[in-house]
Structure formats: C-alpha cells, structure tokens
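Here the structure comes first, spelled out in structure tokens, and everything after it is commentary.
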Amino acid sequence: MPHDIHQSPTAGRSVPGEGTRFLVAAAAAVVLVLGMRQMGQVVSIVLMGAFLAIISYPITATARARLRFPHWLAVATTVFVDLGVILAIYYLLNFLAADIVATLRGDVAQKFVERFEQTREALLGIAPQLADSPQFRAPSELLGTERMIGFVQGLSVNMVSALSAITLVLVLMTFMLGEAPLFYRNLQRLPNSSRGKENVVRALQGIQRYLLIKSIASFFTGLLAWGLCSAMGVPFAFLWGVLAWVLNYIPTIGSIVAAVPPILLALLFNGWGDATVVAVGFLGINMAIGNGIEPLFLGKQFGIATTVVVLSVIFWGWVLGPCGMFLAVPISVLIKLALENSRDLSWLATMLDDKGAADNKPAPSSHHSS
C-alpha cells in the first residue's frame, strides 16, 4: 500500500512541554532584566515618560470633552501643566537648598558637631575598636560647615544637569499622549472574545487612580511630617517634610527611610524623649495615611500581595535605581497583567495575588464516596 506523501508540517517535530517553555521564558526574562540594568538610565526615562503620560491623560481627556479642545491643543495644555508642576518642584528644591545653607551658616552645624562628639565619646567607651574608623577620628572635618554647604550646593548643580533628562521625559510624554487615540483604536480592533482589551483598560485606569491617590496622600504625609518636626524643634524640618512627601511613593520602605533622619536629629539635639515623640508621630502619620486613608480610596484593586510589593520595590530599585523604586507598583501591575494573559505563566499571576487571603472557604475534603 503506498504511503501518504501529504504529511502535517509539524510531523516529526517534538512540541516543547510546559516545563521547557517555562525555562525558555525564565531565561529570556533574565536576559531582559540584565539588559535593562545595563541601560538603566534610558529605560528609566522611557518608563517615566510612559507613566507620566498615563497619569496626565485625564487632563487631556477633560480638555477635549469639557473644553472642546482639539486633540493637539489638549495635549499641549497637558504638557504645559506638567511643565508648570516640574518647575514648581525645581524652585521648591532651590528654596530648600538655600534654606539649608542659611541654617548651616548659623550655629546648627556647630551644635551638630558638638552633639556628634559627645555621642562619639559614649560609643568609644562601649566599643573602643571604633576609634580606627576615619569618621570617628575626625568628625569635625567630616561634618564641618563648609563641607556640608559644598554638598548642598553640589546638589543644586545636579538638579540643573537633570533638566536634560526631564526634557526627554516631557518629549516622550508628548508623543505618547498624541498617539493615545491611535492606541485606543488599535485596542478596539482586538477580538471581542479576547480578555486582553478589558484587562488593559482596567489596569491603566487602576494605575491612574493609584498615582493620583498616592500623590494626594504623599502631599499630606509630607505636610504632617513638616508640622511634627517643626513642633518638636528638629533642624531642617521643611527638608524632612519634603523627604517624607517624596519617599511616600515608595511603598513601606520609603516611609521607614524618611523617618530615620529626623529621629536621629531629635535624639542628637533634644534627647531620647523628643526622639521617641518624633518616632511615634511618624508611625502615627504613616499608620493613619498608609494603612487607613490610602486603602479606603484604593482598596485592593491591584490584587498584589504585600510581600510581593516590598520585594518588587527592592528588585526594581536594584534594576533601575530610584526610578524603579518609585514605579515598582505600576510595573508589577503590568507584569501581573501580562502573566494573567499568558497560557503557560498564568499560574505565576495567581501566586502573586492576594485574593487568596480573603478566601475563607474550607479546603476540599479528601474523602471519596465509595
């Protein structure tokens, strides 16, 4: 009997199993992450432009819907609003630097060095081996007024050099906002049976809401931290308010880091009593806003476990630096979305989910009917 000469194109080929496909995907992810780390500055600019476009798009949509602006004028209005916010932050930082320099030219630096000397003597009495440390041999030189002023003025110069990166971010954001209608039309062309369309829209709306609520919560966190430090007489109170405002964008870790400097200064200048009050005050602020107000407005819309959020902050901080720490949650949301729509990797999205913690259903019985 003659053999059939028409064979399937896949005849004789072995189809990779799920384990093999997972290993290939994991290897590709490792290569991608290492590449992103090597090109961290470029990737950070692109991500900042994308997420700035996401959070700014409601301005464009409002200008088109309510003010009847053409799309190009709505985009231009959005860019000018964002530019105004960036310039306001720039002048705020310049004012902050000038205030720090003026304060250091007073007697604060000298008092700080004296307190540091007292603390140094106490520490050397407990651990004499610390005397070999250069910082402990010459704290006055390390913490001298002119050295501190030079450091602050150097930060001002770095802010000016950062304007080139900010310009690139604004240019990218402008193009992304300009092509937002094209993206939406392409999204509508997806098959109706696809879950991707609804998931993408829901994720983008969730990121917009997250960044908006986080910005408002961070502002009030900084305001309350400034008031607390001012009331307790902590030096550079305005600086610690701005630091609390900025670092509140970094989940969990940022609030802890922002509280450390004012607590140490309160300890050095005013003693254990004031340091304890400042620590309890920061804890109360972060508990009220981070665990009370933010969840009230944000809820559990992202469905990402808290441990995963903390690990993502550490991981993306390692990959992209400070930009990765600020954008860790939005990046994790998009990655979770991609995993949910993957046939082979959807189980990873389930492992990242926090909805299982809310399920109190009993486990299925292991008894079988005979």
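The numbers here are math on the coordinates, done by the rules we state, and not lab data. All values reported here derive from a predicted model rather than from experimental measurement. We place every Cβ from the backbone using ideal geometry, glycine too, and count neighbours over all the protein chains shown.
Under the simplified labelling scheme, the residue 215-residue 291 pair shows an inter-label distance of 2.8 nm, with each label point 7 Å from Cα along Cα→Cβ. Close amide H partners of residue 304, meaning residues 5 or more places away or on another chain with modelled amide H under 5 Å apart, are 354. Remark: spin-label model distance residue 252-residue 37 equals 2.1 nm, labels positioned 7 Å along the Cα→Cβ axis.
Pulled fully out, how much extra length does the chain show between residue 272 and residue 311, if you take 0.36 nm times their separation in residues and subtract their Cα-Cα distance?
10.8 nm
The protection proxy used here, the mean number of other Cβ atoms lying within 10 Å of each residue, ranks peptides 20-33, 229-242, 211-224 as follows, highest first: 229-242, 211-224, 20-33.
The HN-Hα couplings worked out from phi for the stretch 55-64 by the Karplus form 6.51 cos²θ - 1.76 cosθ + 1.60 (θ = phi - 60°) are 6, 8, 4, x, 5, 4, 5, 5, 5, 6 Hz, whole numbers, x standing for Gly and Pro.
Annotation: extensible slack from residue 118 through residue 165 equals 12.6 nm (criterion: 0.36 nm per residue apart, minus Cα-Cα distance). Taking each residue as 0.36 nm, the span from residue 318 to residue 85 lengthens on full extension beyond its C-alpha to C-alpha distance by 81.1 nm.
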